[in-house]
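Participant: First the structure, which I've put down as structure tokens, then a few questions once you've had a look.
The values are calculated or read from the model by the stated rules, or taken from the named source; none is laboratory data. As the structure is a computational prediction, the values presented were derived from the model and not from experiment. Every residue, glycine among them, receives a Cβ derived from its backbone with ideal geometry; neighbour counts consider all protein chains shown.
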Amino acid sequence: MVRRVLTLTSGRIALVILTVIALLAVLGPLLAPQNPLATSDNTLAAASGSHWLGTDYLGRDVFSRLLDGSRVSVLGSLEVALMALVVGAIPGILSVYLGRTFEWITLRLADTLVALPFLLFAVAVIALLGNGITQAMLVTGALVSPLFYRVSRAATLAVARSPYVEAALVSGASVGWVVRRHVWVKVLPPIAVALAQTIGVGFIIVSSLTFLGIGIQPPAPTWGGLLASDLGYLSYQPWAPLAPALLIMITVWASNLLADAIRDVSGEAGRAFVNNRKARANRLDGPEPVSTGGV
């Protein structure tokens, strides 16, 4: 699938952007030129050679805080996506095979999670368990999981009615073997689309919660926290919110772009599109020589 995604321009752009964001998450704290927590008397300074994006209201280097906060923002979005994947996809697949009772229970749980407002629920859980980004993201991931449940269940239902799957079950194959051998291959593409979309949703959720000061202990930097603090000093630095806002927007856009690319190459139309691109490239190389059969 990755190879087919790379045949599309949108897929290549999305992967390049997300790779850069991932590198920022891994290397950002190491690349920060100054201590992101160190304060100084040089408050609300403009961009300069020593402070590329200026300083904030406590004299801290904004560029260093932006790099250091990338890890929390990226890891938080991944926690949301992976938690939603585990909580939603596995019950969605098993609900087709484990009987009507399990199906009814999981459907009711999915409907309940959809009805819960994730922000208020996350605040309530943090009040009980303590203010931490991991608790907030795991709870939010569980609330987003109905997306994976519905996608995996719909794809599994389509595969479960296939003659070869019914024949495998009749011949004595276990449910686990059928899921690994036949179902997972068909369910993986729509789950990959949902995963890419959920990563983008996770960035929005992480940024929203940290913007409100939920899930993070000050003075630890995050992209949402930087955006919130910069908005309070717009009259002094009207350009300050641009950097964190652009990072959030570009990351969410790249995640959605990757989801669209995966959707394009995973369907029948997408495979035909890729095949047409290859055929067109072969034609540009010139026609193959025609054998005359010795005449």
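Participant: Would you please list the contacts, defined by Cβ atoms under 6 Å and residues six or more apart or on different chains, that run from a residue in the stretch 135-154 that is touching a residue at least 24 places away in the same chain (Cβ under 8 Å) to a residue that is among the aromatic types (Phe, Trp, Tyr) and part of a helix (DSSP H, G or I)?
Facilitator: Thr140/Phe118; Leu143/Phe118
Participant: Just to be sure before I move on: is Tyr233 of a type in the set (Ser, Thr, Tyr), outside any helix (DSSP H, G or I) and out of contact with any strand residue (DSSP E or B) (no Cβ under 8 Å at 6 or more places or on another chain) in the structure I sent?
Facilitator: Numbers: of a type in the set (Ser, Thr, Tyr): yes; outside any helix (DSSP H, G or I): yes; out of contact with any strand residue (DSSP E or B) (no Cβ under 8 Å at 6 or more places or on another chain): yes.
Yes, satisfied.
Participant: Can you pull out the residues in the stretch 1-16 that are out of contact with any Ser or Thr (no Cβ under 9 Å at 6 or more places or on another chain), outside any loop (DSSP other than H, G, I, E, B) and of a type outside the set (A, V, I, L, M, F, W, C)?
Facilitator: Arg3, Thr9, Ser10, Gly11, Arg12
Participant: Now a separate question. Quick one: what pairs do we get from the stretch 229-251, first residue at pLDDT 85 or above, second among the β-branched types (Val, Ile, Thr), C-beta under 6 Å, 6+ apart or different chains?
Facilitator: Partner pairs satisfying both residue conditions: Thr251/Ile21.
Participant: Can I ask one more? Looking at the stretch 88-153, what helices (runs of 4 or more DSSP H) fall wholly within it and have at least 2 residues that are of a type in the set (S, T, N, Q) and at pLDDT 85 or above?
Facilitator: 99-115
Participant: So, one more: Considering (1) outside any helix (DSSP H, G or I); (2) charged (D, E, K, R); (3) touching a helix residue (DSSP H, G or I) at 6+ places or on another chain (Cβ under 6 Å), say which one Asp68 fails and leave the rest.
Facilitator: Going through (1) outside any helix (DSSP H, G or I); (2) charged (D, E, K, R); (3) touching a helix residue (DSSP H, G or I) at 6+ places or on another chain (Cβ under 6 Å) one by one, Asp68 breaks only (1).
Participant: Also: Just to be sure I understand, how many residues within the stretch 154-185 are in a helix (DSSP H, G or I) and small (Gly, Ala, Ser)?
Facilitator: Keep residues of the stretch 154-185 that are in a helix (DSSP H, G or I), which gives 154-160, 163-170, 175-185.
Subsequent filtering for residues that are small (Gly, Ala, Ser) retains 154-155, 158, 160, 167-168, 176.
Looking only at that region, the number is 7.
Participant: If Pro221 satisfies all but one of (1) surrounded by fewer than 17 Cβ atoms within 10 Å (Cβ to Cβ); (2) part of a loop (DSSP other than H, G, I, E, B); (3) modelled with pLDDT of 85 or more; (4) not acidic (Asp, Glu), what's the number of the condition it fails?
Facilitator: The number of the failed condition is (1).
Participant: Identify the single condition in (1) exposed (fewer than 13 other Cβ atoms within 10 Å of the Cβ); (2) modelled with pLDDT under 50 that Phe273 does not satisfy, given that it satisfies every other one.
Facilitator: (1)
Participant: Tally up the residues in the stretch 17-33 that are assigned to a loop (DSSP other than H, G, I, E, B) and either of a type in the set (Lys, Arg) or crowded, with 17+ Cβ neighbours inside 10 Å (or both), please.
Facilitator: The qualifying residues number 1.
Participant: Would the stretch 40-62 turn up any residue that is among the acidic types (Asp, Glu) and either assigned to a helix (DSSP H, G or I) or buried (at least 21 other Cβ atoms within 10 Å of the Cβ) (or both)? Spell out the reasoning first.
Facilitator: We begin by selecting, within the stretch 40-62, every residue among the acidic types (Asp, Glu); these are 41, 56, 61.
Imposing the further condition that a residue be either assigned to a helix (DSSP H, G or I) or buried (at least 21 other Cβ atoms within 10 Å of the Cβ) (or both) reduces the set to 56, 61.
Checked the stretch 40-62: at least one residue is among the acidic types (Asp, Glu) and either assigned to a helix (DSSP H, G or I) or buried (at least 21 other Cβ atoms within 10 Å of the Cβ) (or both).
Participant: Let me ask something additional. May I ask you to list the residues in the stretch 208-218 that are surrounded by fewer than 24 Cβ atoms within 10 Å (Cβ to Cβ) and of a type in the set (Ser, Thr, Tyr)?
Facilitator: Within the stretch 208-218, just Ser208 meets the criteria.
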